[in-house]
1. When segment 17-59 is examined, which residues are found to be more than 11 Å from the chain's Cα centre (by Cα), among the basic types (Lys, Arg) and at pLDDT 95 or above?
2. Of the numbered conditions (1) in contact with a Phe, Trp or Tyr (Cβ under 9 Å, 6 or more places away or on another chain); (2) within 28 Å of residue 127 (Cα to Cα); (3) open to solvent by 40 Å² or more (accessible area, probe 1.4 Å); (4) of a type in the set (A, V, I, L, M, F, W, C), residue 68 satisfies every one except a single condition; which is it?
3. Within segment 32-60, which residues are free of Cβ contacts under 8 Å to residues at least 40 places away in the same chain and in contact with a Phe, Trp or Tyr (Cβ under 8 Å, 6 or more places away or on another chain)?
4. Condition first: open to solvent by 10 Å² or more (accessible area, probe 1.4 Å), in a loop (DSSP other than H, G, I, E, B) and of a type outside the set (Val, Ile, Thr). Now tell me which residues in segment 75-107 satisfy that.
5. So which residues in segment 1-16 are farther than 12 Å from residue 87 by Cβ and either of a type in the set (S, T, N, Q) or at pLDDT 95 or above (or both)?
6. Could you please let me know if residue 53 is part of a strand (DSSP E or B), among the polar types (S, T, N, Q) and surrounded by 15 or more Cβ atoms within 10 Å (Cβ to Cβ)?
7. Looking at segment 4-18, which of its residues are open to solvent by 50 Å² or more (accessible area, probe 1.4 Å), in a strand (DSSP E or B) and either farther than 16 Å from residue 95 by Cβ or without any contact (Cβ under 8 Å) to a residue 40 or more places away in the chain (or both)?
Amino acid sequence: QVQLVESGGGLVQAGGSLRLSCAVSVRTFSIYALGWFRQAPGKEREFVAAIGTSGGNTYYTDSVKGRFTISRDNAKNTMYLQMNSLKPEDTAVYYCAAGLAGYTRELRTTEAEYGDWGQGTQVTVSS
């Protein structure tokens with residue numbers, strides 16, 4: 001149905017930057033709302049950022065505002081998460097998610113609002 005594959009994770013020093021990509025295999029990419037979640041060791045998965053179908057509407061969790069930027073390229077069926085000024089607290093497995101638009105709100109912040117998930121990519125920020 002919908003396949004998502006994350007890439008771009010890795011090891012980076014505090015203060016550095018990293019750009020994650022999420023390739024979405026689906027015929028009509030533009031009708032899906034998208035989002036990023038992360039899960040740190042020993043903690044539950046948490047919401048990071050969400051983006052609407054056109055890319056014009058975005059929303060971020062307070063801890064990443066001003067540092068992370070979510071975007072999407074509907075021509076390439078790809079979503080991105082640009083992460084700047086990274087902190088050790090950002091260390092986690094990052095997951096991308098997709099949900100068909102039209103059923104609930106466009107900017108979705110809970111796991112239950114997304115039907116399809118990627119396998120995750122590890123991001124490690126050293127001190």
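The values are calculated or read from the model by the stated rules, or taken from the named source; none is laboratory data. Since the structure is predicted, the reported quantities are computational estimates derived from the model, not experimental observations. FYI the Cβ positions are ideal-geometry reconstructions off the backbone, even for glycines, and counts take in every protein chain you see. These accessible areas exclude ligands, DNA and RNA; they are computed on the full protein's heavy atoms, side chains included. Shrake-Rupley method; radii C 1.70, N 1.55, O 1.52, S 1.80 Å.
1. 43, 45
2. Just one mismatch for residue 68, condition (3).
3. 46, 49, 60
4. Residues of segment 75-107 open to solvent by 10 Å² or more (accessible area, probe 1.4 Å): 75-78, 80, 82, 84-85, 87-89, 91, 93, 95, 100-107.
So of that shortlist, the ones also in a loop (DSSP other than H, G, I, E, B) come out as 75-77, 84-85, 87, 91, 101-107.
Residues satisfying the conditions are 75, 76, 77, 84, 85, 87, 101, 102, 103, 105, 106, 107.
5. Within segment 1-16, 1, 3, 4, 5, 6, 7, 8, 9, 10, 11 qualify.
6. Spelling it out, it is not the case that residue 53 is part of a strand (DSSP E or B), among the polar types (S, T, N, Q) and surrounded by 15 or more Cβ atoms within 10 Å (Cβ to Cβ).
7. 11, 13
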